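Any read-out appearing in this document is the output of simple, stated calculations on the displayed coordinates, not a laboratory observation. Quick caveat: nothing in here was measured; it's all calculated off a predicted structure. With ideal geometry, Cβ positions are generated from the backbone for all residues, glycine too; neighbour counts draw on all protein chains shown.
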There are 2 protein chains.
Amino acid sequence: MNPEQRFSERAKGREGSEIRRLFKMSMKPGIISFAGGMPDPGSFPSKKAAEVREAGLRERGEILLQYGAARGDDRLIEVVLERMQQKGVEAGPRNVLITSGAQQGLDLCGKIFSDPGDVLLVESPTFIGALGAFRNYRAELAGVPMEADGIHLERLKGSLEALRDRGIAPKFLYTMPNFQNPSGITMSREKRRRLLEIAEAYDFLIVEDDAYSDLWLEGSAEDVRPIKALDTNGRVIYLGSFSKIVSPGIRLGWALGREDFIDRFEMAKQMMDVCPSPLIQAMVVGLSEDGFLERHIAELRGIYRSRRDAMLTALMRYMPDGVFWTKPKGGFYIWVTLPEGMDAVALLPKALEKNVAYVIGMAFHADKSGRNTFRISFCHETEEIIEEGIRRLGEAIAEAIR
Amino acid sequence: MNPEQRFSERAKGREGSEIRRLFKMSMKPGIISFAGGMPDPGSFPSKKAAEVREAGLRERGEILLQYGAARGDDRLIEVVLERMQQKGVEAGPRNVLITSGAQQGLDLCGKIFSDPGDVLLVESPTFIGALGAFRNYRAELAGVPMEADGIHLERLKGSLEALRDRGIAPKFLYTMPNFQNPSGITMSREKRRRLLEIAEAYDFLIVEDDAYSDLWLEGSAEDVRPIKALDTNGRVIYLGSFSKIVSPGIRLGWALGREDFIDRFEMAKQMMDVCPSPLIQAMVVGLSEDGFLERHIAELRGIYRSRRDAMLTALMRYMPDGVFWTKPKGGFYIWVTLPEGMDAVALLPKALEKNVAYVIGMAFHADKSGRNTFRISFCHETEEIIEEGIRRLGEAIAEAIR
């Protein structure tokens, strides 16, 4: 049996990517890993979770272990709506679908909006998981470069005009306006407004991935108000996540948008995995009571602020001249640009020899550009280890420059 | 904004199906529902689950709340492999992927194997969730009729020949050989062998959905050995589920097959929802220790045996002449055939007036045939209520015949 001939077009030829090989290389034990996006496990609310879950199962096991509503638990949807209201987004229960993390929201956007060959706009660089989700629907991904204050709007308009000349209207633009994964860049408020105007003018949807906004490390929540808060025409589908504020192992997020969009998402999700787990949803409802979650998030900000600061300080200290990096105001990630002509792919084995890992920038570009860039994350290691890891990384780069 | 024009081809025109409308009508409060496939909530192992979960979270919260392996937890995969070995299937860890219920396995089969327009073979009737999952990939679904001992092999061969004349090779055949949802029919052992031979001869894959096999209510586990146990050529993708033996609210199942297939499933799943919840997986591992799960399943058999018997007895007593039904040896479902020319769709409002609900047979057919059939489930109501519900149903049918 030749298995390859049996696969769908979307599944063919996926096995041997360089990116996957490099990911696997980066997972060796004992390494200082700036590669992953795993939150600090010491920060998880395990004790509180045990308390609320235990009570729930003993008292309401008959409900929590049964099939639940495809759309999600009403009480968790209320929690989401309250959080969204604090972000300036007014919506009702029929605007929300609980998902298995924001990743499932991305899969649903691909499924509901895109046919093979459709053009989707993405930031360049952008989240790997979005590239993968959209590629599964055989969309053509057009990258738009980033600037220090977010997506490059003139370049976006240029792409839109070029597409229009070819008779193509993109289905949606995917953006992560706050502390973008991988660049750490935050879109300015002015740009959010203008992006929405451009979406109106060229008539495409915006998929707004806001997985990190609660982890602002300076300024205030006002600075990270979502594009959705400006959206009066149902043009934005907002994707949220509990992964970074509760834990990723619970696999819960949400999609928020027009009722008719969310209805389709619900119908599709029923045929994907029936419903989110009522048990886990009840746990998050429990964690949201009495202000626990807000206090918890404030603690998380403290943890990640120290780590970000440690990484930025170490970068200043150890990076050779000609290396540049972003200064994120929140989230998990810093984006490093090596001198033009240097190759982060070739550098990686040298960094791994020194037991430090990052993710090559190429992985985050729809067109596999960005060879002189990489992503490092400050979420997972302690301050001391961050300093040591950046020291080693600086050493590896200095040796490669020489 | 015209939302309809923004949807992908797969998502268009899905909103207003008659089947969805009838489903919703059947969910009115106070009704005796034979419609759903919800297990008896009183049977859920809530207390034991609370114990293992609470301890797990307190001792291993840092692991259980973190991202896990995309493929699933090693320990749960071991549990799966042991259960599969008992069913006569020898496999290794690389043959298994943990899924969000068997439904996600169906979604993955559609995603990995089928392109728009591809022909997939299904039993007629078949599981609604499979029809929905495969339709999301815009497959053409060809139904093959069922007999008392499973899929009609001569009709299958006829379909295969007709397709071959058109130059079409189906990608796979989807079957539920044990206590099929919706018909309750079990495929004979001889037919399983012959079906596999036909798959070899015509070179298609078999997707075997085995969600109910542990709930055999007579005979023994030997009678329900999966087709996968006969498969020496990697032709069968087996889908299992913890929904019926632990609880559906945990959303856990598995896919088992050739390594190269499972590798693709894993890559696709990563882009769908990253990983299954380590927390929930650990709970199921805990429930599997010290023989608890086996004892629990034996108890479930007792519960569902009484309910099945109560329903069969009531059908004998209350159904008018000319009505036929299957006598399932396990699972949750009985399939009822009304006299030719009668319409189960037209009957449903009359049944609902008497506060009893079923699912119309049409919903389970790829071609929407089967209008004189419906499915009733004995899983959710107690013996007394089952008798009363069947009495009312018999009354409604008798009135319609008159």
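Out of all Cα-Cα pairs in the protein assembly as shown, roughly what percent, to the nearest whole number, are more than 49 Å apart?
Working: 58681 of 322806 pairs.
Distances greater than 49 Å cover 18 percent of the Cα pairs.
Over the Cα atoms of chain B, what Rg and Dmax result, in angstrom?
21.2, 66
Give me the orientation-averaged projected area of the Cα convex hull of the range B:312-367, in nm², one decimal. Please report the intermediate quantities before stating the final value.
Values: hull surface 19.2 nm².
It is 4.8 nm².
For label points placed 7 Å from Cα toward Cβ, what is the shortest-first list of nm distances from B:GLY30 to its copies?
7.1
Relative contact order of chain B: what whole-number percent is it, with Cα pairs under 8 angstrom and at least 6 residues apart?
Working: 728 pairs, mean separation 97.5, N = 402.
Normalised by residue count, the contact order of chain B is 24 percent.
Which residue in chain A puts its Cβ closest to the axis that rotates chain A onto chain B, and at what distance in whole Å?
Value returned for chain A: A:GLU54, 2.
If I model a spin label at A:ASP263 and A:ARG21 as a point 7 Å from the Cα along the Cα→Cβ vector, what separation in nanometres do I get?
4.9
Give me the three principal axis extents of the range A:226-277 from the C-alpha atoms, as integers in angstrom, largest value leading.
Dimensions of the range A:226-277 along the principal axes of its Cα atoms: 34, 28, 10 Å.
Before rounding to the nearest 500, sum -39500 (n - 2.57) across all DSSP H runs of length at least 4 in chain A and divide by the residue total; then give [θ] at 222 nm in deg cm²/dmol. Provide the component values of the computation, followed by the final result.
On the way: 12 runs with 170 residues, N = 402.
Only helices count here, giving -13500 deg cm²/dmol.
If R₀ is 60 angstrom, what is the calculated FRET efficiency for the pair A:ALA201 and B:GLU90, using the beta carbon separation as r and rounding to 0.05?
Details: r = 61 Å, r/R0 = 1.02.
Working from the Cβ atoms, E equals 0.45.
Within chain B, which complete DSSP H helices have Cα atoms spanning at least 24 Å along the helix axis and a mean Kyte-Doolittle hydropathy of 0.0 or higher?
On the way: long enough: B:292-318 (39 Å, -0.33); B:383-401 (27 Å, 0.05).
Taking the DSSP H segments of chain B (at least 24 Å long, mean hydropathy at least 0.0), we get B:383-401.
Across the range A:60-290, what fraction of all alpha-carbon pairs, as a whole percent, falls in each successive 10 Å bin from zero upward?
Going out from 0 Å in 10 Å bins, the range A:60-290 shows 8, 34, 37, 17, 4, 0 percent.
Check which residues have an amide H placed less than 5 Å from B:GLU140's amide H, if you skip close sequence neighbours.
Excluding prolines and chain starts, which carry no amide H, the hits are B:GLY117, B:ASP118, B:VAL119, B:LEU120.
What is the calculated FRET efficiency for B:ASP343 to B:ILE297, with r their C-beta to C-beta distance and R₀ = 30 Å, to the nearest 0.05?
0.20
For label points placed 7 Å from Cα toward Cβ, what is the shortest-first list of nm distances from B:GLY158 to its copies?
6.4
For every other residue with a beta carbon closer than 15 angstrom to the beta carbon of A:ALA162, add +1 if it is Lys or Arg and -1 if Asp or Glu, then tell me the sum.
Details: positive: A:ARG155, A:LYS157, A:ARG164, A:ARG166; negative: A:GLU140, A:GLU154, A:GLU161, A:ASP165, A:ASP367.
Net of charged neighbours comes to -1.
Considering the zone a paramagnetic label at A:ARG164 would reach in this model (a point 7 Å from Cα along the Cα-to-Cβ line), which residues of the range A:195-212 have amide N under 20 Å from it?
A:195-207
Taking all pairs of different Cα atoms in the range A:234-309, averaging 1/r and flipping that mean, what Kirkwood radius in angstroms comes out? Walk me through the numbers before you get to the answer.
Working: mean 1/r = 0.0690 Å⁻¹.
Every distinct Cα pair counted, the radius reaches 14.5 Å.
Give me the distance in nm between label points sitting 7 Å out from Cα along the Cα-to-Cβ direction at A:ARG193 and A:ARG75, one decimal.
4.2
How many nanometers, to one decimal and shortest first, lie between the label point of B:PRO116 and those of its other copies, if labels sit 7 Å from Cα toward Cβ?
0.8
Sequence neighbours fewer than 8 away in the same chain don't count; with that in mind, list the lysines whose C-alpha is under 19 Å from A:LYS28.
A:LYS350, A:LYS354
Taking the Cα centre of the range B:60-290 as the origin, how large is its charge dipole in debye, to the nearest 20, when only Lys and Arg (+1) and Asp and Glu (-1) carry charge on their Cβ atoms?
Values: 27 positive and 35 negative charges, 82 e Å.
Rounded to the nearest 20 debye, it is 400 debye.
Label points 7 Å out from Cα along the Cβ direction at A:THR313 and A:ASP290: separation in nm?
Once both label points are built, they end up 3.6 nm from each other.
Suppose we look only past 28 Å in the calculated P(r) of the range A:264-402. What percent of the Cα-Cα pairs does that tail hold?
Details: 3678 of 9591 pairs.
The proportion of pairs with Cα distances above 28 Å equals 38 percent.
In debye, nearest 20: dipole of the protein assembly as shown around its Cα centre with unit charges on the Cβ of K, R (+) and D, E (-)?
Rounded to the nearest 20 debye, it is 500 debye.
Please tell me which of these pairs span more than 24 angstrom C-alpha to C-alpha: B:LYS87/B:LYS191; A:LYS244/B:LYS269; B:LYS48/B:LYS329; B:LYS111/B:LYS191; B:LYS24/B:LYS48?
Values: B:LYS87/B:LYS191 18 Å; A:LYS244/B:LYS269 20 Å; B:LYS48/B:LYS329 29 Å; B:LYS111/B:LYS191 28 Å; B:LYS24/B:LYS48 34 Å.
Flagged as over cut-off: B:LYS48/B:LYS329; B:LYS111/B:LYS191; B:LYS24/B:LYS48.
What's the percent breakdown of Cα-Cα distances in the range B:1-84 across 10 Å bins, shortest bin first?
Per 10 Å bin, starting at 0, the Cα pair percentages come out as 11, 19, 22, 27, 19, 1.
Please find the FRET efficiency linking A:ALA55 to B:MET38, where r is the Cβ-Cβ separation and R0 is fixed at 30 Å, and quote it to the nearest 0.05. Mind dumping the intermediate values first?
Details: r = 23 Å, r/R0 = 0.78.
Approximately 0.80, to the nearest 0.05.
Roughly how many debye, to the nearest 20, is the charge dipole of the range A:263-402 about its Cα centre, given +1 on each Lys and Arg Cβ, -1 on each Asp and Glu Cβ, and no other charges? Provide the component values of the computation, followed by the final result.
Working: 18 positive and 20 negative charges, 76 e Å.
It comes to approximately 360 debye.
Defining a contact as two alpha carbons under 8 Å apart and six or more residues distant in sequence, what relative contact order in percent does the range A:60-290 show?
Details: 400 pairs, mean separation 68.6, N = 231.
Across the range A:60-290, relative contact order equals 30 percent.
Please report, largest first and rounded to whole Å, the three semi-axes of the ellipsoid equivalent to the range A:162-257, where each semi-axis is the square root of five times an eigenvalue of the C-alpha gyration tensor. It would help to have the intermediate numbers written out before the result.
Working: eigenvalues 130, 48, 30 Å².
That gives 26, 16, 12 Å for the three semi-axes.
Sorted by mean Cβ packing within 10 Å, highest first, what order do the peptides A:386-396, B:240-250, B:192-202, A:21-31 take? Could you put the intermediate results ahead of the total?
Details: A:386-396: 20.6, B:240-250: 26.1, B:192-202: 17.4, A:21-31: 12.8.
Descending mean neighbour count gives B:240-250, A:386-396, B:192-202, A:21-31.
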